[in-house]
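These notes are about the structure you will find just below.
Taken together, the values in this text are just the output of simple stated rules run on the coordinates, not laboratory data. None of the values given here were measured: they were computed from a predicted structure. In this analysis, Cβ positions are derived from the backbone assuming ideal geometry, glycine residues included, and neighbour counts consider all displayed protein chains.
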Amino acid sequence: MKRLENLLDDKISIGRIINNHGLDGLVKFMPFTNIGEMVFGLDEITLYNPENKEFFMSRVEEVKPLNRFFVLKLSGLKSIEDAKKMMGFQIYVPYEDLPELGEDEYYMFQLMNSKVYYEDGEYIGVVEDVMETGSNDVIQIKGEEEVLIPLIKDYIVNLDLDNKKIVTKRIEYYEED
């Protein structure tokens, strides 16, 4: 039997409920992913509110797109009052439910907290954030100073997701005299 604090051990948050939608218990869901098939494939889910440490288990009965959000019908929610109580809850799914990735693909959460080094072995810091810029992702590294490195083959020498280690080339900056 799992202890309450271990319910999220094998799960990943894929988004957050940000509001109610209508009067019939529907909720507005903001995904943390751009993989629509993940949201449309939701079935049994674990919901957790990090602010008040509450859990809720439910089943997704229906999913509708709404601009960059989704409207979800969750079993057990029948009214606007029920839906409003769900604001702030994050939806968690098991890692095994994540879609398979192709070669050279990764999930952003896999990069978080990776140690980053230059090719010569100098330690830079730890990946604190991954930013989507449109043309490519950029890792934000927190160390003695903040460093931004584009996640492109021109800079990334080795990306070891299993050992959470990234080796990168130095970026040469142009400085005016």
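Counting every alpha-carbon pair across the chain, the share separated by more than 28 Å comes to 39%.
List residues of the range 28-46, by number, whose backbone nitrogen lies under 19 Å from a label position 7 Å along Cα→C-beta of I80. Residues 28-29 fall inside that zone.
Comparing Cα centroids, the range 30-93 and the range 115-177 end up 34 angstrom apart. In sequence order, the range 15-22 has phi-based couplings of x, 9, 7, 10, 5, 8, 9, x Hz under the Karplus curve 6.51 cos²θ - 1.76 cosθ + 1.60, θ = phi - 60°, and Gly or Pro positions carry x. For L26, the residues whose modelled amide H falls within less than 5 Å of its own, excluding neighbours fewer than 5 places apart on the same chain, are H21. For the residue pairs K28/K78; K11/K78; K64/K85, the C-alpha atoms sit more than 24 angstrom apart in K11/K78. The H on the amide N of F32, modeled in the peptide plane, is under 5 Å from the matching H of G15, R16, each at least 5 residues off or on a different chain. For the range 108-168, the fraction of C-alpha pairs more than 14 angstrom apart is 49%. Excluding the site residues themselves, the longest part of the chain lacking any trypsin sites (Lys or Arg not before Pro) in a DSSP loop with at most 14 other Cβ atoms within 10 Å is 79-152.
For the range 4-96, what class follows from the C-alpha gyration tensor (a ≥ b ≥ c being the square roots of its eigenvalues): rounded when a/c is under 1.5, otherwise prolate if a/b is larger than b/c, else oblate? Before the final figure, lay out each step's value.
Numbers: a/c = 1.67, a/b = 1.16, b/c = 1.44.
Oblate is the answer for the range 4-96, as a/c is 1.5 or above yet b/c matches or exceeds a/b.
Backbone phi angles across the range 30-35, fed through the Karplus curve with coefficients 6.51, -1.76 and 1.60 (θ = phi - 60°), yield HN-Hα couplings of 9, x, 8, 10, 9, 9 Hz in residue order; Gly and Pro are listed as x.
List the GluC sites (Glu not before Pro) within the range 68-177 that fall in a DSSP loop (any state other than H, G, I, E or B) and whose Cβ has at most 14 other Cβ atoms within 10 Å. Before the final figure, lay out each step's value.
Numbers: sites: E81, E96, E100, E103, E105, E119, E122, E128, E132, E144, E145, E146, E172, E175, E176; in loops: E100, E103, E105, E119, E122, E144, E145, E146, E172, E175, E176.
Of the GluC sites (Glu not before Pro), the ones in loops of the range 68-177 whose Cβ has at most 14 other Cβ atoms within 10 Å are E100, E103, E105, E119, E122, E144, E145, E146, E172, E175, E176.
Taking label positions 7 Å along the Cα-Cβ direction at both M108 and L7, the computed distance is 2.5 nm, reported to one decimal.
In order along the range 92-107, the phi-based Karplus estimate (6.51 cos²θ - 1.76 cosθ + 1.60, θ = phi - 60°) of 3J(HN,Hα) comes to 10, 10, x, 3, 5, 7, 5, x, 5, 9, x, 4, 6, 10, 8, 8 Hz; Gly and Pro are listed as x.
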